[in-house]
Amino acid sequence: MQEPGQGPLASLKVLDFSTLLPGPFASLLLADMGAEVLRIESPNRPDLLRVLPPHDQGVSASHAYLNRNKRSLALDLKRAEAVAIVQRLVLEYDILLEQFRPGVMDRLGLGYETLKRINPRLIYVAITGYGQTGPYRDRAGHDINYLALSGLASYTGRAQTGPVPLSMQVADVAGGSLHGVVGLLAAVIARQQTGQGQYVDVSMTDCAFSLNAMAGAGFLACGVEPGRESQVLNGGSFYDYYRSRDGRWFSVGSLEPNFMGALCDALARPELARLGLSPDPAQQQWLKQQLQLEFEKQDYTTLCGLFAGIDACVEPVLDLAEAVEHPQLKARSVVVQVPREGGASQAQMACPLKFSLGLPEPRHVGSGLGEHGEQVLRELGYSDEQIAGLRREGALG
């Protein structure tokens with residue numbers, strides 16, 4: 001039974017071999033929800049996220065956030081002694097998350113088929129760009145490439161200027177991280193019924209393709225290929241962003257007639273409301289021009305006051321400094337203070353999920369490379385002499 005504040009995943013123990021963003025964001029969610037996460041890192045090729053700016057007191061803010069609540073064990077996996085440590089760990093840490101290209105873990109002697117013979121309950125989650133099969137399985141890629149190949153980028157951006165680089169990593173996070181957690185937890189539920197673990201193959205491109213929720217459904221069933229600024233939700237209608245007189249932006253999502261009426265009444269242009277549902281592209285473009293003219297008559301502060309008290313689905317575009325001070329986000333406690341070395345704390349984004357029994361308090365920011373090595377090995381039964389020997393041999397960082 002879960003104790004209050006312990007977290008719903010307190011029974012899970014996870015070995016995390018991932019770096020950068022997709023895997024670490026997935027294991028961050030697991031750790032925030034109470035899972036014990038142990039990072040296995042290379043002592044020779046540290047995670048590049050550790051050096052990514054900006055830095056807070058010499059430590060990457062991104063690393064401190066994405067790897068909070070996790071312990072770190074530095075192992076040179078090219079050495080047999082390090083592989084043997086992992087093989088002992090999987091008897092206790094029966095969930096493994098990795099993000100190498102296909103075949104790398106097999107070559108290290110840590111593939112699923114090898115490790116499941118040690119622990120048949122092992123759940124092994126592999127997050128890759130293109131998955132474990134197919135002609136692109138060994139191909140390098142980044143978020144922008146997965147979005148391009150999945151079709152998502154084909155109907156984002158503007159008709160005249162094309163797709164734009166998105167400010168957050170959709171394929172990495174919504175694709176790899178979140179689907180990785182879903183697949184992992186589904187395998188945990190299955191294991192509770194069968195006693196058997198399994199291998200979960202997560203392709204960020206596959207997952208990005210599945211995010212074509214409405215456009216993809218329309219294309220596959222009806223053959224309708226979405227173009228840029230051609231649909232209701234991608235700029236083909238008045239559902240868009242509008243600039244104020246002083247150069248700020250506002251989001252307008254007044255799709256339903258009652259919201260559209262409230263928008264047009266607030267702008268003193270009630271006659272525009274009837275055009276909100278018009279299927280005529282020309283009328284939609286004219287409506288957008290008229291709305292832009294009205295927004296440009298007012299400054300940011302005036303427009304904020306105008307829409308603050310009405311339900312019109314109109315909200316200002318906030319920068320991060322404004323977002324963290326917004327009363328709605330503050331009421332939801334989206335920022336948390338996380339302890340760090342020296343008794344101070346660092347402001348970080350909180351776990352967005354709310355549980356009636358609560359979550360454990362954040363324990364610490366991202367750990368130093370190999371910071372918990374001796375502690376973990378002692379828990380496995382290694383003596384001080386054996387640990388010193390592993391350090392001398394280079395297996396332990």
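The values are calculated or read from the model by the stated rules, or taken from the named source; none is laboratory data. The structure presented is a predicted model; accordingly, all values stated were derived computationally and were not measured. Cβ placement follows ideal geometry from the backbone for every residue including glycine, while neighbour counts extend to all protein chains displayed.
Starting from residues that are in a strand (DSSP E or B) and either at pLDDT below 95 or not small (G, A, S) (or both), keep the ones in segment 233-281 and report whichever is nearest to A213 (Cα to Cα). Working first, answer last.
Taking segment 233-281 as the starting set, the residues that turn out to be in a strand (DSSP E or B) are 240-243, 249-252.
If we keep only those that are either at pLDDT below 95 or not small (G, A, S) (or both) too, we end up with 240-243, 249-250, 252.
On the way: D240: 19, Y241: 22, Y242: 26, R243: 29, W249: 27, F250: 25, V252: 21 Å.
Among residues in segment 233-281 that are in a strand (DSSP E or B) and either at pLDDT below 95 or not small (G, A, S) (or both), the one nearest to A213 (Cα to Cα) is D240.
One line per residue, one yes/no per condition, for (1) buried (at least 16 other Cβ atoms within 10 Å of the Cβ); (2) in a loop (DSSP other than H, G, I, E, B); (3) touching a helix residue (DSSP H, G or I) at 6+ places or on another chain (Cβ under 9 Å):
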residue: A84; (1), (2), (3): no, no, no
residue: R88; (1), (2), (3): no, no, yes
residue: P102; (1), (2), (3): yes, yes, no
residue: L110; (1), (2), (3): yes, yes, yes
residue: R117; (1), (2), (3): no, no, no
residue: P120; (1), (2), (3): no, yes, no
residue: Y124; (1), (2), (3): yes, no, yes
residue: Q132; (1), (2), (3): no, yes, no
residue: A140; (1), (2), (3): no, yes, no
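Check segment 249-262 and report whether any residue there is within 14 Å of Y155 (Cβ to Cβ) and crowded, with 17+ Cβ neighbours inside 10 Å.
Of the residues in segment 249-262, the ones within 14 Å of Y155 (Cβ to Cβ) are none.
No: zero hits.
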*Report, by residue number, each residue of segment 279-295 that is of a type in the set (A, V, I, L, M, F, W, C) and either closer than 23 Å to F307 by Cβ or not assigned by TED's automatic domain parsing to the domain that holds F307 (or both).*
W286, L287, L291, L293, F295
_Options A213, A221, A208, A217: the member that is under 23 Å from I127 (Cα atoms) and either over 25 Å from the mean Cα position of the chain (by Cα) or surrounded by fewer than 20 Cβ atoms within 10 Å (Cβ to Cβ) (or both)_ = A213
*Which of the residues that make up segment 369-379 are loosely packed, with under 13 Cβ neighbours inside 10 Å and in contact (Cβ under 8 Å) with a residue 12 or more places away in the chain?*
Q375
*asked:* So if I check each of V335, V314, which one is surrounded by 14 or more Cβ atoms within 10 Å (Cβ to Cβ), among the β-branched types (V, I, T) and farther than 22 Å from M168 by Cβ?
replied: V314
*Taking the condition of a type outside the set (D, E, K, R), outside the structural domain of P102 (by TED's automatic domain parsing), crowded, with 20+ Cβ neighbours inside 10 Å and out of contact with any Leu (no Cβ under 8 Å at 6 or more places or on another chain), does G235 pass?*
yes
*Just one of (1) under 23 Å from A10 (Cβ atoms); (2) surrounded by 15 or more Cβ atoms within 10 Å (Cβ to Cβ) trips up C304, so point out which.*
(1)
_Residue check for L30: hydrophobic (A, V, I, L, M, F, W, C) and either in a helix (DSSP H, G or I) or outside the structural domain of Y382 (by TED's automatic domain parsing) (or both)_ = yes
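Yes or no: Y146 touching a Ser or Thr at 6+ places or on another chain (Cβ under 6 Å) and under 26 Å from I95 (Cβ atoms)? Quick ask: steps written out before the conclusion?
Numbers: touching a Ser or Thr at 6+ places or on another chain (Cβ under 6 Å): yes; under 26 Å from I95 (Cβ atoms): yes.
So Y146 passes the test.
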